[in-house]
1. Say the cut-off is 20 Å between C-alpha atoms; which of Lys101/Lys128; Lys56/Lys244; Lys31/Lys221 go over it?
2. Taking 0.36 nm per residue of separation and subtracting the Cα-Cα distance, what length does fully extending Gln215 through Glu199 add?
3. Of Ile138, Gly119, Ala173, whose Cα points farthest to the positive end of the dipole of the stretch 63-190 (charges on the beta-carbon: +1 Lys, Arg; -1 Asp, Glu; origin at the Cα centre)?
4. Around Ile204, what is the net charge, scoring Lys/Arg as +1 and Asp/Glu as -1 over all other residues with Cβ under 14 Å from its Cβ?
5. In the chain, carbon and sulfur make up what percent of the accessible area (probe 1.4 Å)?
6. State, in angstrom, two size descriptors of the stretch 86-245 derived from its alpha carbons: Rg to one decimal place and Dmax to the nearest whole number.
7. Treating cross-link reach as a plain straight distance, find the aspartates and glutamates whose alpha-carbon is under 16 Å from the alpha-carbon of Lys195, omitting any fewer than eight places away in the same chain.
8. Given a 10 angstrom Cα cut-off, can you work out which residue in Ala174, Ala87, Ala99 is the most mobile in a GNM of the chain?
Amino acid sequence: MTNNNPIGVFDSGIGGTSIWNAIHELLPNEKTIYLADSKNAPYGQRTKEEIVTLSKKNVDFLIENNCKLIVVACNTATTNAIRELRASYDIPFIGIEPAIKPAATNSKTQVIGILATQGTLNSELFNKTAEMFQHTTIIEQVGHGLVQLIEDGNLNSPEMTQLLETYLQPMIAANIDYLVLGCSHYPYLIPQIKKILPEHIQIIDSGEAVARQTQNVLREKVGFSDESNSEPVFYVNSDPSVLKAILNDKYPVVQKDF
């Protein structure tokens with residue numbers, strides 16, 4: 001089955017590019033359209049109703065651009081809105097949620113940490129998943145301020161280091177052996193997080209799993225592209241400089257109000 005339409009990917013900002021990277025690496029022949037709703041970031045501080053409305057607006061844009069499936073590359077949007085999206089649109093959706101299962105299953109100490117947004121940790125989907133692992137202690141930490149610092153281009157600032165120290169030290173003291181990154185922005189913090197965590201603590205994010213699921217849906221439902229010209233397009237509705245920097249100026253970024 002062949003389908004040369006693009007894969008749509010959206011996030012509340014630039015963080016979902018960590019998911020896009022994994023998809024592009026696994027499926028280099030697929031055209032992709034990435035939508036960064038940076039004007040409305042972070043989603044984690046918004047109500048469920050606001051998140052659903054913003055997510056539908058993003059989906060409408062991607063469908064208008066003929067996307068064949070849509071990756072919700074935002075933990076907060078997935079955990080709060082993907083059920084409504086699947087009920088409202090006749091197109092496959094792939095979500096991203098914190099990778100609690102591999103962490104809880106493999107933990108030796110039976111204590112894992114999760115760093116996520118308030119919107120993700122408060123969501124029904126997250127809490128249902130967490131309830132499946134009652135023999136594991138899950139140390140939850142809201143990453144207040146992290147997304148905004150990344151969106152503002154302050155990835156390696158002293159303020160970022162101080163926040164990460166504040167959030168991670170209690171998890172280390174609680175004897176976690178896995179840290180789950182529950183926000184698509186957070187993989188960009190891994191180099192700094194590794195400087196704080198002891199070497200035995202493993203970090204898990206969802207990028208590779210989402211890429212594999214995208215491949216599965218293409219194979220089973222949608223169809224792969226048979227073209228080799230797969231130049232991606234990135235859209236952002238705020239200052240494009242941070243998105244350009246995170247992409248190392250390798251791809252065109254279009255500033256557009258949506």
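1. On the way: Lys101/Lys128 12 Å; Lys56/Lys244 25 Å; Lys31/Lys221 17 Å.
Pairs exceeding 20 Å: Lys56/Lys244.
2. Working: separation 16, 0.36 × 16 = 5.76 nm, distance 3.21 nm.
So the chain would gain 2.6 nm between Gln215 and Glu199.
3. With unit charges placed on the Cβ atoms, the residue in question is Ile138.
4. Values: positive: Lys101, Lys194; negative: Glu97, Asp177, Asp205, Glu208.
Net charge in that neighbourhood comes out at -2.
5. 46
6. 17.7, 51
7. Those aspartates and glutamates meeting the cut-off are Glu159, Glu165, Asp177.
8. It is Ala87.
The values are calculated or read from the model by the stated rules, or taken from the named source; none is laboratory data. Fair warning: this is a prediction, and the values are worked out from it, not measured in the lab. FYI the Cβ positions are ideal-geometry reconstructions off the backbone, even for glycines, and counts take in every protein chain you see. What goes into the accessible areas is simple: the full protein's heavy atoms, side chains included, and nothing from ligands, DNA or RNA. Shrake-Rupley method; radii C 1.70, N 1.55, O 1.52, S 1.80 Å.
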